[in-house]
Amino acid sequence: MMHIDLDAVQRIALPVLILLPIAASVVVGLLIMASSRYPSERTATRILEVALTISLVLSALVAIGATGVFGTAPSALVDYGALLEIGTYRIPAVLLADSKGIVFSLLCTFLTLLVARFSRTYMHREAGYFRFFIVLGGFATGAQLVALAGALDIFFAGWELIGIGSALFIGFFHERAEPVRSSLRAFATYRLCDAGFLMAMVCVHEVLGSTTINALDGSIDLPLWESTTIGLLFLVSVMGKSAQLPFSGWLPRAMEGPTPTSALFYGGISLHAGLFLMLRISPIISASPVIQVVGAVVGISTAIYAAAVARTDPDAKGALAHATLCQVGLILAEISLGFTTIALVHISGHALLRVWQYLRAPNAIHDAHRIGVHAVPVEESQPQSVLERRVYAAALHRLRLDDRIDSIIDPFMVLARALDRFDQRVRVILGGGKDVDS
Amino acid sequence: MTPESVPYIVATLAAGGIFAPVIVSSRPVGLLRIILAAVALALSTASIFCSTGTLAFGLIAVLVMMRGLFANQGTDLPKLPCIVSTLFAVAAALTGEWPVLNLIAAVLLLATLSGAWPMHWLAARVIDRSPLAMAEQISTCIVATFAYLRFVAPTEFAFDAASTLVRLGAVLALLPAITALVQVNLRGFYRCVVAMHGGMLIAALGAAGHGHSAAALLVTVTLALAMGGLGAMVAAVEDRCGRVLLKDQGGRIWGMPRLAAAFLLFAASGVGMPGTAGFIADDLLLHALWEESVVGSLIMIVAAALLAVASLATFAKIFLGPPATSLAGDLRQPERYVVITTFGLLVLIGVAPWLLANPLAEYLRGFGAVPH
């Protein structure tokens with residue numbers, strides 16, 4: 001029988017399955033940039049779908065190989081050396097195809113291909129058709145980087161690609177002002193919360209000497225304050241990406257994007273990417289009871305908030321988004337309390353269900369209108385007690401989260417304008433009374 | 001790549017920075033302009049290969065002065081920025097024996113070229129007349145940073161001044177990052193972005209005093225490629241639409257989708273988009289800064305986040321929105337090739353940073369720097 005070196009196969013398969021989707025996007029982008037005519041819709045989607053299909057097949061092969069069907073399972077850690085190595089500083093080029101990574105990778109490739117296929121028809125003749133598929137390819141690579149990263153630097157690259165993709169899709173229908181505003185709010189939340197990830201990553205490098213995921217196992221030996229600080233910084237980033245309280249305000253606004261991307265990002269992958277980060281940093285969480293408590297409190301509070309809002313939201317996609325958020329909060333609590341295996345199963349099942357629900361949402365609304373909505377009589381549906389009314393009102397206003405965030409942003413913008421005036425004065429003084437902007 | 005190839009790589013990047021603005025310029029390219037670009041390239045290359053700091057900074061002084069005297073002739077570009085840069089370059093060339101003065105002069109030269117705060121008042125004048133000229137000026141930063149890393153960073157005083165420069169650079173980066181959020185016109189935004197990167201460069205120069213030379217060079221290469229590219233795109237937008245105010249949404253993406261995409265890509269790579277040189281430069285710089293000053297590192301992270309938000313907001317205001325009625329065309333063929341090449345270089349360094357950083361560390365070891 002022919003002997004297959006599974007380690008060598010996996011070594012080639014992993015980077016290919018990660019990079020192929022973005023390579024497809026680059027090809028489509030170059031076709032547009034270099035020629036005077038746009039390629040046909042068919043050509044663009046074919047290129048991307050072929051890349052995503054190969055990515056899915058390779059992901060499945062890696063998963064099958066890891067079960068040991070072909071003999072000894074290959075090593076989960078695939079080391080490609082260093083992306084950069086200067087003195088003591090090193091950006092490791094390491095991928096980690098362990099059970100968590102493989103499950104999330106399979107989930108991401110399957111859902112992305114499904115949504116790409118669905119969108120071929122859904123987005124047909126839509127302005128921005130090519131933009132949609134180019135960004136989708138970048139997002140697919142980002143999701144795979146998150147799933148299979150063996151080092152925090154690589155994980156962060158994927159994390160950022162998901163964030164950029166999410167912002168671009170929310171503002172997809174940019175001829176209206178509201179999607180653009182929503183896109184900016186989501187992106188600002190991501191980027192400011194990602195400062196936590198960056199700080200945590202630099203801290204990990206300094207205290208553990210490496211940013212590899214496996215090095216996090218050493219966090220058990222860290223002083224409590226160090227593991228707690230690192231864990232809290234990561235948690236801030238997770239709260240931004242997974243729309244946990246108090247950063248939940250951007251999620252209903254994110255529904256401005258095309259339905260397939262709502263399905264992929266907020267039903268399937270993007271919201272769950274934060275939870276996957278929590279799974280990856282579980283050694284830090286288990287080293288600090290403070291993180292466990294804070295994570296559980298944040299998750300459960302978000303679940304209660306989202307459950308209440310989902311029951312009062314008059315918009316189908318908004319209600320669905322909050323129903324999703326409720327489960328995401330519960331999964332965060334599960335991971336914080338150490339139930340990582342249950343959490344991984346919960347993530348997979350939940351993502352599949354929600355993608356289906358989102359993709360079906362337009363039809364469901366259509367069906368409801370066709371068949372007729374059986375509304376509950378008004379007197380039965382109205383809140384009875386004072387407490388019920390208060391909860392109802394608070395849920396209806398989504399706790400005025402956006403207003404509260406704005407009350408922090410507004411003074412900052414006043415400061416920015418004051419600084420700009422100061423800057424202008426400095427330019428006038430140094431420039432001898434002349435200023436180009438005045 | 002070998003350490004011996006480093007000067008050639010730097011010379012190639014400088015050549016690109018000198019010739020790209022000539023190619024994308026909407027003005028007719030005369031013979032004089034091509035000759036001047038060739039002379040500029042010769043001076044840059046000589047500066048990169050020469051063996052003393054006096055000669056290297058002296059040649060940079062001639063290069064900057066030549067641009068001020070001849071290259072901008074016939075245009076209404078202000079001479080003052082070139083004169084000030086020339087004076088700082090001359091000062092850096094003549095103060096090699098006095099490390100304190102040498103470091104101050106070299107840092108001021110780079111602050112002026114990169115438009116860092118408060119020298120941004122000079123950059124503002126250049127940007128106000130021609131963002132493309134600013135892109136050209138920024139390309140000189142690569143050559144000047146290389147001279148700094150070879151002749152200034154290995155000195156004892158640079159070692160002592162490292163923490164101060166890092167903190168100063170972080171604050172100088174934060175200020176324009178905040179003000180970028182409230183700019184009312186495109187040139188104001190570009191000035192803030194350039195100034196923020198200038199602050200990053202100052203911080204990186206500080207870190208280079210403790211041997212983090214690769215971070216400094218990657219930051220300056222990102223500055224030159226991303227900010228040069230962004231400057232070219234700002235010039236391209238203004239060539240087509242005149243002065244752009246950031247009041248309402250411009251809706252220009254409908255008429256110029258390629259230009260919009262290129263603008264977004266350069267702006268994003270400047271704020272550390274994964275897969276580009278900016279991501280690696282930010283990553284490397286943050287680790288270098290952390291060793292010098294934790295607060296400086298945190299400030300830089302916040303500044304980068306704010307600039308990213310400002311960049312997307314500006315992109316939205318220029319390009320997104322309902323279709324605008326305009327006859328302005330999309331990127332011309334030469335502009336497209338420059339975009340593809342420049343962005344290709346950003347991606348190449350982003351996915352294979354060892355090509356530049358590893359031989360550079362080895363190369364600078366020969367000048368007394370201890371690479372980290």
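The values are calculated or read from the model by the stated rules, or taken from the named source; none is laboratory data. In this text, all values refer to a predicted model and were calculated from it rather than measured experimentally. Cβ coordinates were reconstructed from backbone atoms using ideal geometry, including for glycine residues, and neighbour counts include every protein chain displayed. Note: accessible area is taken over every heavy atom of the protein model, side chains too, but ligands, DNA and RNA are not part of it. Shrake-Rupley method; radii C 1.70, N 1.55, O 1.52, S 1.80 Å.
One table, with the values for the structure above:
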{"quantity": "Failed criterion for B:Gly115 (all others in (1) modelled with pLDDT of 90 or more; (2) buried (at least 24 other Cβ atoms within 10 Å of the Cβ); (3) closer than 26 Å to A:Gln424 by Cβ hold)", "calculated": "(1)"}
{"quantity": "Sole residue being open to solvent by less than 40 Å² (accessible area, probe 1.4 Å), modelled with pLDDT of 90 or more and away from chain A (no Cβ under 14 Å), chosen from B:Ala158, B:Ala105", "calculated": "B:Ala105"}
{"quantity": "Selection within segment A:174-183 - open to solvent by 40 Å² or more (accessible area, probe 1.4 Å) and either at the interface with chain B (Cβ under 7 Å from one of its Cβ atoms) or not in a helix (DSSP H, G or I) (or both)", "calculated": "A:Glu175, A:Arg176, A:Ala177"}
{"quantity": "Flag if B:Phe57 is open to solvent by 40 Å² or more (accessible area, probe 1.4 Å), away from every other protein chain (no Cβ under 14 Å) and among the aromatic types (Phe, Trp, Tyr)", "calculated": "no"}
{"quantity": "Among the residues listed as A:Gly138, A:Gly87, the single one being within 14 Å of chain B (Cβ to nearest Cβ) and either among the β-branched types (Val, Ile, Thr) or within 28 Å of A:Gly171 (Cα to Cα) (or both)", "calculated": "A:Gly138"}
{"quantity": "Any chance A:Ser286 is over 30 Å from A:Ile365 (Cβ atoms) and either open to solvent by less than 30 Å² (accessible area, probe 1.4 Å) or in a helix (DSSP H, G or I) (or both)", "calculated": "yes"}
{"quantity": "Residues located in segment B:127-142, provided they are part of a helix (DSSP H, G or I), open to solvent by 10 Å² or more (accessible area, probe 1.4 Å) and either within 14 Å of chain A (Cβ to nearest Cβ) or in contact with a strand residue (DSSP E or B) (Cβ under 6 Å, 6 or more places away or on another chain) (or both)", "calculated": "B:Asp128, B:Arg129, B:Ala133"}
{"quantity": "Checklist (1) among the hydrophobic types (A, V, I, L, M, F, W, C); (2) closer than 24 Å to A:Glu256 by Cα; (3) touching a residue at least 12 places away in the same chain (Cβ under 8 Å); (4) open to solvent by less than 40 Å² (accessible area, probe 1.4 Å) applied to A:Leu352, failing item", "calculated": "(4)"}
{"quantity": "Of the criteria (1) open to solvent by 60 Å² or more (accessible area, probe 1.4 Å); (2) of a type in the set (A, V, I, L, M); (3) within 19 Å of the chain's Cα centre (by Cα); (4) closer than 28 Å to B:Arg258 by Cβ, which one A:Val135 fails", "calculated": "(1)"}
{"quantity": "Residue in segment A:68-81 that is within 14 Å of another protein chain (Cβ to nearest Cβ), in a strand (DSSP E or B) and in contact (Cβ under 8 Å) with a residue 40 or more places away in the chain present", "calculated": "yes"}
{"quantity": "Pair list, Cβ < 8 Å and 6+ apart or interchain, from segment A:116-132 residues that are under 15 Å from A:Thr43 (Cβ atoms) to residues that are open to solvent by 70 Å² or more (accessible area, probe 1.4 Å) and of a type outside the set (D, E, K, R)", "calculated": "A:Phe130/A:Tyr38"}
{"quantity": "Residues (at negative phi and surrounded by 20 or more Cβ atoms within 10 Å (Cβ to Cβ)) located in segment B:318-329", "calculated": "B:Ile318, B:Phe319, B:Leu320"}
{"quantity": "So B:Gly296, is it at pLDDT 85 or above, outside any helix (DSSP H, G or I), open to solvent by less than 10 Å² (accessible area, probe 1.4 Å) and not basic (Lys, Arg)", "calculated": "no"}
{"quantity": "Residue within segment A:192-207 that is modelled with pLDDT of 90 or more, of a type outside the set (A, V, I, L, M, F, W, C) and in contact with a Cys (Cβ under 8 Å, 6 or more places away or on another chain) present", "calculated": "no"}
{"quantity": "Top-ranked residue in segment B:200-215 [being within 14 Å of another protein chain (Cβ to nearest Cβ) and within 17 Å of B:Ala304 (Cβ to Cβ); ranked as farthest from the chain's Cα centre (by Cα)]", "calculated": "B:Ala207"}
{"quantity": "Candidates A:Thr212, A:Thr261 - the one that is closer than 22 Å to B:Val294 by Cα, surrounded by 20 or more Cβ atoms within 10 Å (Cβ to Cβ) and in contact (Cβ under 8 Å) with a residue 24 or more places away in the chain", "calculated": "A:Thr212"}
{"quantity": "Some residue of segment B:302-314 being within 13 Å of B:Met200 (Cα to Cα), part of a loop (DSSP other than H, G, I, E, B), within 13 Å of another protein chain (Cβ to nearest Cβ) and β-branched (Val, Ile, Thr)", "calculated": "no"}
{"quantity": "Hits in segment A:403-438 (condition: modelled with pLDDT of 85 or more and of a type in the set (D, E, K, R))", "calculated": "A:Asp403, A:Arg404, A:Asp406, A:Asp410, A:Arg417, A:Asp420, A:Arg421, A:Asp423, A:Arg425"}
{"quantity": "Segment B:337-354, residues that are more than 10 Å from chain A (Cβ to nearest Cβ), open to solvent by 10 Å² or more (accessible area, probe 1.4 Å) and hydrophobic (A, V, I, L, M, F, W, C)", "calculated": "B:Val338, B:Leu345, B:Leu348, B:Ile349"}
{"quantity": "Near pairs, Cβ below 6 angstrom, 6+ apart or cross-chain, from segment A:158-171 (at the interface with chain B (Cβ under 7 Å from one of its Cβ atoms)) to any residue that is polar (S, T, N, Q)", "calculated": "A:Ala167/A:Ser183; A:Gly171/A:Ser183"}
{"quantity": "Residue satisfying all of: in segment B:224-251; farther than 25 Å from B:Ala195 by Cβ and open to solvent by 10 Å² or more (accessible area, probe 1.4 Å); nearest to the other protein chains (Cβ to nearest Cβ) among these", "calculated": "B:Gln249"}
{"quantity": "Residue that is farther than 15 Å from B:Ile127 by Cα, touching a Gly at 6+ places or on another chain (Cβ under 9 Å) and assigned to a helix (DSSP H, G or I), where the choices are B:Leu225, B:Leu230, B:Leu217, B:Leu181", "calculated": "B:Leu225"}
{"quantity": "Which numbered condition A:His124 misses (of (1) assigned to a loop (DSSP other than H, G, I, E, B); (2) facing another protein chain (nearest Cβ under 10 Å); (3) open to solvent by 10 Å² or more (accessible area, probe 1.4 Å))", "calculated": "(2)"}
{"quantity": "Residues within segment B:275-301 that are of a type in the set (Gly, Ala, Ser), under 18 Å from B:Leu172 (Cα atoms) and more than 10 Å from chain A (Cβ to nearest Cβ), tallied", "calculated": "3"}
{"quantity": "Failed condition for A:Val207, given (1) of a type in the set (A, V, I, L, M); (2) over 15 Å from the mean Cα position of the chain (by Cα); (3) buried (at least 24 other Cβ atoms within 10 Å of the Cβ)", "calculated": "(3)"}
{"quantity": "Test for A:Arg37: is it part of a helix (DSSP H, G or I) and either open to solvent by 80 Å² or more (accessible area, probe 1.4 Å) or within 30 Å of A:Glu126 (Cα to Cα) (or both)", "calculated": "no"}
{"quantity": "Options B:Ala170, B:Ala195, B:Ala180, B:Ala153: the member that is within 11 Å of chain A (Cβ to nearest Cβ), over 15 Å from the mean Cα position of the chain (by Cα) and surrounded by 24 or more Cβ atoms within 10 Å (Cβ to Cβ)", "calculated": "B:Ala180"}
